[in-house]
Amino acid sequence: MPDDVTALQLVLNADPTLLAIVRLSLIVSLSAVCLAALIAVPLGALIALTRFPGRETANVVLNAMMGLPPVVVGLAVYLLLSRSGPLGGWGLLFTPMAMILAQTILVMPIIGALTRQTVEDLWTEYRDELTSMNVGPLGRMATLIWEGRFSLVTALLAGFGRAAAEVGAVIIVGGNIEGFTRTMTTAIALETSKGDLPLAVGLGLVLIAIVIVVNALAWTARRAGERLAG
Amino acid sequence: MSICHSSATLPIVFDEVSVTAGAVTLLDRVTLTVAPGEPTVLIGPNGAGKTTLLRTAMGLARPSRGQITWAGQLNPLSTRRAIVFQRPAMLRRSAGGNIRYALRAVGIARWRQRAVIDELLAAVGLQHLRNRPARRLSVGEQQRLALARALALDPAVLFLDEPTASLDPTGTKAIEDIVREIGARGIKVVLSTHDLGEAKRLAGQIVLLHRGRVIEVGAVAAFFDAPQTAEARRFIAGELLV
Amino acid sequence: MRSTLLARRSLLALVAIALLAHVALAQEKSIVIASTTSTQDSGLFGHILPLFKAKTGIDVRVIAVGTGQALDTARRGDADVVFVHAKSAEEKFLAEGFGVKRYPVMYNDFILIGPKNDPAGIKGMKDIVTALKTLKDKSATFISRGDKSGTHIAEINLWKLAGVDIAAEKGPWYKEIGQGMGAALNAAAASDAYVLSDRGTWLSFKNKGDLIIAVEGDKRLFNQYGVMLVNPRKYPHVKKELGQQFIDWLISPEGQREIADYKINGEQLFYPNANDPAA
């Protein structure tokens, strides 16, 4: 970041460093949400629809993991990906991919737990109809996930919010490398520790603005969808 | 609409079937035969077991005692049964989309779906609402859509649980006309109702239930003109059966 | 609807592949160096790394943490080169077999910062040891980084020279914040305290408030930087050719000149001394 500039000036001048940081933040958090959804939505639906021993325990654990401290996740992923660790051969530490991995882990419980709740409620509503139409287990999952798509969008947004806001995981596994693994939150942490508080606050406001924009886009999509499908 | 699957599904024979939910007995040693032919109408006070009987015949509830067979088979895989619930749940898609869902469930090819949807919507008088979100239809329209959706499964037997309970006379007439048409096409209709007039209008066979037991079974004319049991006489007279 | 699920899954798969490709490409011709926050914060890397990249095409990725953490990162094999300023810790690192060879690169100095009104009366002293002793005797508020960084280690060594076992003799006047240089300076500005800082961070620090330089110039305040290649015999994946290229450039006349050319407000920050065998 250039010296003696406010965050507003950086935004107005479309400073390339700032743009790169914003782009990386969005790529990392959005990818994490997508990957987490890919795994956690079917998993949440499965837990909602299947009776298995220990189901109640699984629910409690899933809900509890929503509160996983990001810095703990970061540490765990760091130890996994370190060259001295089991997955060191992949060479992923201190790269954006490591950050995506850590945030995916962080975000999966939220999406999974909210999906489970949504699908469970929908199953109560549609159980008779689907059973009477002889819809099989996969069909039920697919149908209820689609029926619950608006609530699931909210779940994804909750996941995105968590990912975009956290700094503990990405700073440990990413290393906050300038021009490579520096995101909005790690940049704010850096500027704060350097004592440049006005810049840090400014970056914080930019981050909030971005999160609001993402939420607004999702809300618009949801309203349009609801109008079409009732 | 094709007919003759009846051989795989009918008759439905209840043999001393009891259904319990915890400590509560919903059906008590019911012995009944649902044979092909004119509609069978279940009547009786609330809590008599009409809904449970329909659900059991549909395969949604399991007998805790006794045996129920479809065309002689216990729980066959290839029955053509469909049910319209008292408060049908609409999927969050258009009216046509709801029917398409049912068609997909029975494996109708994509290229055929459109025509069948049109046919079914016309049969229930909803063709002009094809693209309307199903949850925004009126109660009566949703009931008719549920009927169309059930027909999409190409059933040999169609169960209807109090299909006109929440409808006004116009809506009721619409449903009864459709039910009559369905029956005339050869699909066996089994429905329950609160309305003795409706029972008279639609039935071939009347089944009176009370406290989970079959009290009397008879052809509609015989039942109403010359009821055999005291309960039947009191029920027809309008008394509360306790 | 089933096709929507399929479409969504394919899209996600594409994203994943694109990212992996991006990451794979990005790992071409790059090295990771573990260095310190004060070096990063001084802005030196911002000045010399682009020059190095323009010359060699090598992308240098800097992990900037405390000295202890930088060396530990290298011990785990997560860096190719380590560039810190704590000679004793570096020599220990070498003795453990994690490094190949230590090259001195440059030095900068530490300065003792304090409030303008100088409650301890040490402003202008030439002897850092006397100054520190005075601070302790007068119980003047002192901020310590307390994070095992190079600066923190240097601070502890200076207390030792002053005959003070700071761990045992500290009182409420001595505040360990466990954070970086910028945070320490912020804390000093906020509580009118004294703090030991490196010159680079001080010069680029934006929140000086009422703080001024109290003591500088004592030879014992000099801060020597050394660079080492992580031992490829311990970690075969270490990019030894590229890493050595970086080290060679740092100690070359060209590199040394670029280091000297880095100035903040016209002031030179780092003094190259790669040719000093005792450094």
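When B:Asp195, B:Asp118 are checked against the criterion of being within 18 Å of the chain's Cα centre (by Cα) and open to solvent by 20 Å² or more (accessible area, probe 1.4 Å), a single residue qualifies: B:Asp195. Of all the criteria given as (1) within 13 Å of another protein chain (Cβ to nearest Cβ); (2) under 22 Å from A:Pro96 (Cα atoms); (3) open to solvent by 50 Å² or more (accessible area, probe 1.4 Å), the one not satisfied by A:Leu190 is (3). The single condition among (1) in a helix (DSSP H, G or I); (2) over 30 Å from B:Pro88 (Cα atoms) that A:Leu92 does not satisfy is (1). Yes or no: A:Arg227 open to solvent by less than 50 Å² (accessible area, probe 1.4 Å) and basic (Lys, Arg)? No.
With respect to the conditions (1) within 13 Å of another protein chain (Cβ to nearest Cβ); (2) surrounded by fewer than 19 Cβ atoms within 10 Å (Cβ to Cβ); (3) under 18 Å from the mean Cα position of the chain (by Cα), B:Thr69 lacks only one, and its number is (1). You will find that of C:Lys239, C:Lys234, the residue that is open to solvent by 80 Å² or more (accessible area, probe 1.4 Å), touching a residue at least 24 places away in the same chain (Cβ under 8 Å) and over 21 Å from the mean Cα position of the chain (by Cα) is C:Lys234 and no other. When each of B:Ala156, B:Ala146, B:Ala165 is tested for being in contact (Cβ under 8 Å) with a residue 60 or more places away in the chain and either touching a Leu at 6+ places or on another chain (Cβ under 7 Å) or not hydrophobic (A, V, I, L, M, F, W, C) (or both), the lone residue that passes is B:Ala156. In segment A:84-97, the residue that is nearest to the other protein chains (Cβ to nearest Cβ) out of those that are hydrophobic (A, V, I, L, M, F, W, C) and farther than 17 Å from A:Val71 by Cβ is A:Met97.
Within segment C:156-182, the set of residues being crowded, with 23+ Cβ neighbours inside 10 Å and not hydrophobic (A, V, I, L, M, F, W, C) comprises C:Gly180, C:Gly182. Search segment A:127-140 for residues being in a helix (DSSP H, G or I) and crowded, with 19+ Cβ neighbours inside 10 Å, and hand back the single one that is farthest from the other protein chains (Cβ to nearest Cβ). Here the answer is A:Arg140.
Examine segment A:27-42 for a residue that is away from chain C (no Cβ under 11 Å), surrounded by fewer than 20 Cβ atoms within 10 Å (Cβ to Cβ) and part of a helix (DSSP H, G or I), and state whether such a residue exists. Checked segment A:27-42: no residue is away from chain C (no Cβ under 11 Å), surrounded by fewer than 20 Cβ atoms within 10 Å (Cβ to Cβ) and part of a helix (DSSP H, G or I).
Any idea which residue in segment C:47-68 is least open to solvent (accessible area, probe 1.4 Å), counting only those that are in a helix (DSSP H, G or I) and within 26 Å of C:Gly178 (Cβ to Cβ)? Let's see the steps before the verdict.
Quick first cut of segment C:47-68, residues in a helix (DSSP H, G or I) only: C:47-56, C:67-68.
This time we only want the ones that are within 26 Å of C:Gly178 (Cβ to Cβ), so: C:67-68.
Details: C:Thr67: 1, C:Gly68: 27 Å².
Filtering first and then ranking leaves C:Thr67.
Within segment B:78-105, if we keep just the residues that are more than 9 Å from every other protein chain (Cβ to nearest Cβ) and part of a loop (DSSP other than H, G, I, E, B), the residue that is most open to solvent (accessible area, probe 1.4 Å) turns out to be B:Arg87.
Being of a type outside the set (S, T, N, Q), more than 9 Å from every other protein chain (Cβ to nearest Cβ), in contact (Cβ under 8 Å) with a residue 40 or more places away in the chain and under 30 Å from A:Thr118 (Cα atoms): is that true of A:Ala45 here? Criteria met by A:Ala45. Within segment C:69-90, how many residues turn out to be open to solvent by 30 Å² or more (accessible area, probe 1.4 Å) and more than 13 Å from chain A (Cβ to nearest Cβ)? The number of residues fulfilling the criteria is 2. Of all the criteria given as (1) under 18 Å from the mean Cα position of the chain (by Cα); (2) more than 21 Å from A:Glu129 (Cα to Cα); (3) open to solvent by 30 Å² or more (accessible area, probe 1.4 Å), the one not satisfied by B:Thr20 is (1).
Scanning segment A:65-79 for residues that are under 20 Å from the mean Cα position of the chain (by Cα) and open to solvent by 70 Å² or more (accessible area, probe 1.4 Å) yields A:Met65, A:Val71, A:Val72, A:Leu75.
Any chance segment A:98-114 includes a residue that's more than 30 Å from C:Ala79 (Cβ to Cβ), within 14 Å of chain C (Cβ to nearest Cβ) and open to solvent by less than 10 Å² (accessible area, probe 1.4 Å)? Checking segment A:98-114: at least one residue is more than 30 Å from C:Ala79 (Cβ to Cβ), within 14 Å of chain C (Cβ to nearest Cβ) and open to solvent by less than 10 Å² (accessible area, probe 1.4 Å). Checked against (1) within 10 Å of another protein chain (Cβ to nearest Cβ); (2) open to solvent by 30 Å² or more (accessible area, probe 1.4 Å), B:Arg29 meets all criteria but (1). For C:Val105, the conditions (1) on the phi > 0 side of the Ramachandran plot; (2) buried (at least 20 other Cβ atoms within 10 Å of the Cβ) are fulfilled apart from (1).
The values are calculated or read from the model by the stated rules, or taken from the named source; none is laboratory data. Nothing here was measured: the structure is a model prediction, and the numbers come from that model. Cβ atoms come from the backbone with ideal geometry, glycine included; neighbour counts cover every protein chain shown. With ligands, DNA and RNA removed, areas are computed over all heavy atoms of the protein, side chains included. Shrake-Rupley method; radii C 1.70, N 1.55, O 1.52, S 1.80 Å.
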